[in-house]
Every structure is written in structure tokens, then in C-alpha cells.
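What follows is a single structure, written as C-alpha cells, with notes after it.
The values are calculated or read from the model by the stated rules, or taken from the named source; none is laboratory data. Since we're looking at a predicted model, the values are computed, not measured. For neighbour counting, all protein chains shown are included, and Cβ atoms are generated from backbone atoms with ideal geometry for every residue, glycine included.
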Amino acid sequence: MATLLSNGQQSLMATSNGQEQQKDEPEQQQQQQQVEIRKSSSPKPGAMPSLKLNRMGSVSPKDKRVYKIVLTGGPCGGKTTGQSRLCTFFENLGWKVFRVPETATVLLSGGVKFSDLTEKEAYKFQENLIRTMVQIENTYFELGNSSTRNCLIICDRGVMDASAYISKDKWEKMMAGNKWNPVEMRDNRYNQILHLVSAANGAEDFYSTEDHACRSEGVDLARELDYKSAAAWVGHPYFDVIDNSTNFESKMNRMIESVCQKVGIDIGDRLQATSRKLKYLVALLPPDSEFPPFQDFDVVHHYLQSAGPKVQARLRKRGQKSHWSYIHTQRRPNVHGQARIEVKTQLTHRDYMNLLAQRDDAHFTIYKKRRCFLINNQYFQLDIYKEPGHPRCKGLVLLETYSSLTGDALKNCMPKFLNIVKEVTGDPDYSMFNLSLKEDWSTTKKFCRSATHGKQDEQPPEPPKQYHPYDENSD
């Protein structure tokens, strides 16, 4: 396990699904002082990690999952209750659950007050807070790796939350001084981020500071901190905002539902899922100055040869400034009436390169610029397709979001500065699988005319426009 960061020479240790560390890649050995990466064994198509438990909840080592999530958000958002609910839910499924305590609370409860600190002391405190957080988290990550069961690790805030309490210039100075980079700190270290919106934003009648010894924020400050903590995570590939559009019980259910969907657990309707993916066609992008704060990424998708006509597999490479994260996605078909799910596995660079040998020559590689931003408590991804690619993708821009809102409530949350042409949710003409096909749509048998992407129809029916809750996610 990595020792505590010192003199800015050792960086964050990002683990990937709890597999044993390998040290035989020269390029990564040279970069070890900057990033220590946990590597997983190379997965095989059609044999991704299973969620089936053996007797007493144990799983075979090759099937074991270690899933790391961050619960973040402003004051009084439900993080403490959310931890408890997630813990109970996954323990009932036979998982081992670890709850990483909030480092800031541990340190502040020792008598530290920011108002008493000089500027230099506050800077050093934040830097040491991150180093301490990394070491605490790494301790739990190691325990998850050694567990014989599937393991959920819940972090009460994560390393990027510290950026909400420091100026941008000082944050960038701290990042550079410690040789940290956001792709490792934000994207590769954690599997999913859940932002629980503060009650000060949409549920003001329930906002309170009475039950938290380290909480003293008023409503206005709580709103500001809530926004800053959300902005700190903009750009993470699996960032979910759990707002206050429903009652608190439904809010907790939406949180659990979101984790289950990402992990690949079919929960049916037991949590009364209401959130759905929405996709829109966009034209005439405005200048960057009209966007709220955003993060841009280079994204590359490769479709892989699959184990059958109803199974779809793809790779995604996503990064900033030559720092990359890698994901393998496998879409499984409906089985015995259960909802179709996507199983996502974080990969090392080595595994990614090995899997590239299984590219499907029937598909173009998809290149995009992805812009992520937060507005009106809604998280958006704007995919701008780039060349090379099929002519059908030239100039294509698609906006995606997840929401449980409908009607005017949804309309009011949409970014007004974008020229949205129409909604294309579930439209096969805007499926990434179809967009990447090399053959002409009018002649190929591979064109997917339903939400079941990956299925080949001999005599395809008229394309339906019905939304499917597990429709293809563009990663």
C-alpha cells in the first residue's frame, strides 16, 4: 500500500475493481512517483464480472467487484442517511460495505477553526487534509481488495471536494506542487460520484444545522457550498445529481437506484425508478463564453466483436492533457423478463491495448469532444463528434442528461443558451452503435431498429420512438 504522500513526490493511488497490482509495464514504472495505479486482470468478452453470490456471500476472485463511490453535496443533503441506506441495501445483497469517514470532520472536530487560520496556514491545512484523506481511503481500498466478497466502499466526500474551499489559483498551485492531475484524482480514483443536493436548495423548510456539531452554515452559504461541491466533480464520467424534486424517501431511493444501475444490479421496480436518460439534437453551438464553468475531454470509442448478436461490447478512452481513463462496457440482453443492463469495468492502459485487438471492423472508431457542465442542478454532457468518421456524423452535436423531471419543470432546467433542435431519446438514427456502422443503413443487417442495440434484424420493422430506460449510454 502507498505510504503517506510526502514532498509532493507521491500521488494518488487509483484502484480499479480491486485486482492485484502488476509492475511489469516500463512506461508506468517510470511514472510511479506521479501516479500509482492499481491494475486489474484483462477481462474477456462475454465474461465480465458476475454479481451472483456463492454460499455465505463469497465470490470467486475473478468475479469479485470492488466499487468505490463518493457521497458529496452541500450541508444537510442527506449524506449521513444515504450512507446508512446504501450500507443496509448492499449488505442485504451479501456485499461487504466499508464507510470511509469524512476527513474534514475528523480534523475540524479537533479544534481547528478556519477563521483562526492565516492564509498560509489554511493553504497548508487543505493540502494536508487531502494527503490524510488519500491515506485513509487507501486503507479501506486495500481492505476491499483483500475481501472475499463483493465490496462497496462509500467515501464521505472525496479528494476533489477540497477544491470547493480554496481559490482556483491556489488549487492549481497545490495540484502542480504535488504532481496531482484531475483525471487521476477525479476520474480514475472513484467509480461513481453522487451529489446529494443540500436541503437549502429546493427543500429550505427542512434545512437545519442542529444535528451536526461541525455545521454552522446559513441557507445562503449552504447553497453556495452546494454549488461549489458539485462544480468540483464536473467532468467525472459517472456523476449523478440527486436533487430535492421528490420527498426525502424517494430521494434516497433514487440514490440507491443510481448505484445499482451503474454496478449492474437489476432491481426491477422495487425502488420505483423514475430517472431516465434524455438525448437532444443540438445545432449552432454558441461561443464558450456563454457556457457555465465546464470541463472538456477527448473521447474515443471502439466497438468490439461480441459473444453473440444480442450482446454489445465497446471500449472508451477518455482524457485531458494526455491523462486517460479506460472503460469496458458490455450490454447484456433481457433474460427471463429482467431489465437489460450495462456492466462497466474500469481498465488499465495495458488491458485497454490488449482488448483493442478485438475491434469490430464493421464499425468506425468514434471520436468526440465531450463538454460536461452543471446548470440548474442538472448535469449535462455535450458530445461534439469529430473526424475521422462516417459522413453521417459530420457536425453532429448531441446533448445528454438524466432526469426524473417532466413537462415545464424539465423545460426550465434545460440550458437556454443552446439551440436544441429536437429530442432524439430512443431514436435509432442517433444511436452511437448505428452512427458508427461502416455500411449504409439502407442495406446493412446490423442497423438496430429498437432499443435492443446489438440485435440484428433480418426484416427490420419501422423504427420505434419509444424510450427504453436502459437505452444505450454513450459512456
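From the list A451, A409, the one residue that fits, being of a type in the set (G, A, S), buried (at least 17 other Cβ atoms within 10 Å of the Cβ) and at pLDDT below 95, is A451.
When residues in region 282-312 are screened for being in contact (Cβ under 8 Å) with a residue 24 or more places away in the chain and either outside any loop (DSSP other than H, G, I, E, B) or basic (K, R) (or both), 16 of them pass. Filtered by the rule that a residue be over 25 Å from H390 (Cβ atoms) and among the aromatic types (F, W, Y), region 286-330 gives F291, F294. Only helices (runs of 4 or more DSSP H) whose full extent lies in region 1-118 are considered here, and the ones with at least 3 residues that are modelled with pLDDT of 85 or more, surrounded by 14 or more Cβ atoms within 10 Å (Cβ to Cβ) and not assigned by the TED database to the domain that holds R350 are 79-92, 103-108.
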